[in-house]
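The values are calculated or read from the model by the stated rules, or taken from the named source; none is laboratory data. Not measured: the values here are computed from a predicted model. So basically every Cβ, Gly included, is an ideal-geometry build from the backbone, and we count neighbours across all protein chains shown.
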Amino acid sequence: MTTEPKPAYSPGLAGVIAGETEICWVDPDAGLMYRGYDIHEMAEKANFEEVAYLLLNGELPTVAEREEFSRALAQERPLPKEVLEMMRLLPKNTHPMDMLRTGVSMLAPFDPELNDNSHEANIRKAIRLIAKVSTLIADGYRIQQGENPLPERPDLTLAGNIFYKLTGEVPQDYKIRMMDTIFILYADHEFNASTFAARVTAATLADMYAAVTSACGTLKGPLHGGANEESMKMLDEIKTADRAEKWMMNALARKAKIMGFGHRVYKSGDSRVPIMREIGRDLGKRVGKDQWIPICEKLELTMEREKHLCANVDLYAAPVFTMLEFPSELNTPIFAASRVAGWCAHVVEQHDHNRLIRPRSLYTGPAARPYKAPASNGSGA
Ligand SMILES: CC(C)(COP(=O)(O)OP(=O)(O)OC[C@H]1O[C@@H](n2cnc3c(N)ncnc32)[C@H](O)[C@@H]1OP(=O)(O)O)[C@@H](O)C(=O)NCCC(=O)NCCS
């Protein structure tokens, strides 16, 4: 057996630079930039369509480019009837993330440019995927409720349309704006687990649908996107702010992982939390449900005191989605409806400058040993 010098090893790839990107930078010191633009400024001034365009193309669109991009996104929303039929065939208790992952995978053969990984074809496929992921979520949800999907409203933005198609009502303007801001916050986050999964898949020169299918599967886990569903279960259990500290102390004593806390990169605060917290406060007042944010704040204070761990965006996203009246199993899919823009931008970048992603493992199994034939069972055969 050959030996090799013991390589550097970082469990969970913590701190490892696994590739270059021009798309997004997560500043461990509570910052986030999309192609050089500060997320805080984007959340205040931009809309999601502009952000998606920026992530994909590298520059902000002109007004004409934004209109054209928004029109293309609206036009690409409808799903093939076979995909709708598939969603009707799934068991009624299918989790919306499983439905989404299956839907993305099934869309692949319907795309005439599936196996063309050129930059131009990838941008066109990205537009189709960003549009259709929202439709998969909204139509899938209505089908699961035993209702028919609603027709698209091309006059509404992507955030407004998914809101309308899920709830059956065109929301008030302030709710559309909030949804748009949430979509901007969730749109990209450099080499997070689902994006990295997408890039690993794309790096084999597999197509964009394969990469986004991998990403959907990865986002579902509670240590990643699934945390915004799990956080709501926790808040539901706590119920009131005066119970939060005791609940947290008990959970920490049991060494439980508290959803919505901790982050691999941010150590002094998640850049997205202040904006999401503010949306939560504002929404709580507007809809008369102001119990949730004080629970989160009390949990934050206790966690900071006990373990110096910061809240992440999913802690506040959970009550925001609840106050917008989405059932909590849609929290992670709604995250996906935005993050698909980032996934696609990363697939474009990966294909444009591709190198197979294939790390090594550190072998910790038995040392070399000779093969031994299975012992006879003594039957005399
Ligand atoms: C996000 C997360 C996976 C990052 O994991 P990581 O970088 O591997 O961090 P570690 O697991 O090394 O955590 C370091 C320490 O903080 C603790 N810790 C981290 N997150 C914690 C949490 N949410 N609740 C309780 N303790 C936590 C760990 O137990 C560990 O403590 P130890 O040193 O005493 O063993 C992790 O913080 C987590 O599981 N959070 C909850 C899920 C979540 O909200 N995910 C969404 C992320 S945006």
Among the residues of the range 218-260, write down those that are polar (S, T, N, Q) and more than 9 Å from the ligand (Cβ to nearest atom).
218, 240, 250
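With the condition being of a type in the set (Gly, Ala, Ser), I'd like the helices (runs of 4 or more DSSP H) fully within the range 144-212 carrying at least 3 qualifying residues.
Working: elements: 158-167, 173-186, 193-202.
Result: 193-202.
Could you tell me whether the range 255-269 includes any residue that is assigned to a helix (DSSP H, G or I), within 29 Å of residue 27 (Cβ to Cβ) and at pLDDT 95 or above? Give the steps one after another, and end with the answer.
Our first condition is that a residue be assigned to a helix (DSSP H, G or I); within the range 255-269, this holds for none.
No, there is no match, as no residue in the range 255-269 is assigned to a helix (DSSP H, G or I), within 29 Å of residue 27 (Cβ to Cβ) and at pLDDT 95 or above.
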If you scan the range 267-310, which residues turn out to be touching a Gly at 6+ places or on another chain (Cβ under 9 Å), within 13 Å of the ligand (Cβ to nearest atom) and over 14 Å from residue 234 (Cβ atoms)?
271, 307, 309, 310
For the range 109-125, how many residues are crowded, with 18+ Cβ neighbours inside 10 Å, under 22 Å from residue 87 (Cα atoms) and not charged (D, E, K, R)?
0
Can you tell me how many residues in the range 12-46 are part of a loop (DSSP other than H, G, I, E, B) and either among the charged types (D, E, K, R) or touching an Asp or Glu at 6+ places or on another chain (Cβ under 8 Å) (or both)?
7
Just the residues that are under 21 Å from residue 46 (Cα atoms) and within 16 Å of the chain's Cα centre (by Cα), please, taken from the range 130-157.
130, 131, 134
Taking the range 28-59 and keeping only residues that are surrounded by fewer than 20 Cβ atoms within 10 Å (Cβ to Cβ), in contact (Cβ under 8 Å) with a residue 12 or more places away in the chain, within 15 Å of residue 274 (Cα to Cα) and in contact with a Leu (Cβ under 9 Å, 6 or more places away or on another chain), one is left with 40
Are there any pairs, at least 6 apart or on different chains, whose C-beta atoms fall under 7 Å, with the first in the range 190-206 and among the charged types (D, E, K, R) and the second within 16 Å of the ligand (Cβ to nearest atom), and if so, which?
190/24; 190/26
Restricting to the range 311-366, what's the tally of residues that are acidic (Asp, Glu), away from the ligand (no atom under 16 Å from the Cβ) and either outside any loop (DSSP other than H, G, I, E, B) or touching a strand residue (DSSP E or B) at 6+ places or on another chain (Cβ under 6 Å) (or both)?
3
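If you check residue 368 against the conditions, is it under 30 Å from residue 230 (Cα atoms) and of a type in the set (A, V, I, L, M)?
Numbers: under 30 Å from residue 230 (Cα atoms): no; of a type in the set (A, V, I, L, M): yes.
Judged against the criteria, residue 368 is not a match.
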Scan (1) more than 11 Å from the ligand (Cβ to nearest atom); (2) within 20 Å of residue 52 (Cβ to Cβ); (3) free of Cβ contacts under 8 Å to residues at least 40 places away in the same chain for the single condition residue 181 breaks and write down its number.
(3)
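Taking the range 39-52, which residues are farther than 9 Å from residue 271 by Cβ and not hydrophobic (A, V, I, L, M, F, W, C)?
Of all residues in the range 39-52, those farther than 9 Å from residue 271 by Cβ come to 41-52.
Across the range 39-52, the qualifying residues are 41, 44, 45, 47, 49, 50.
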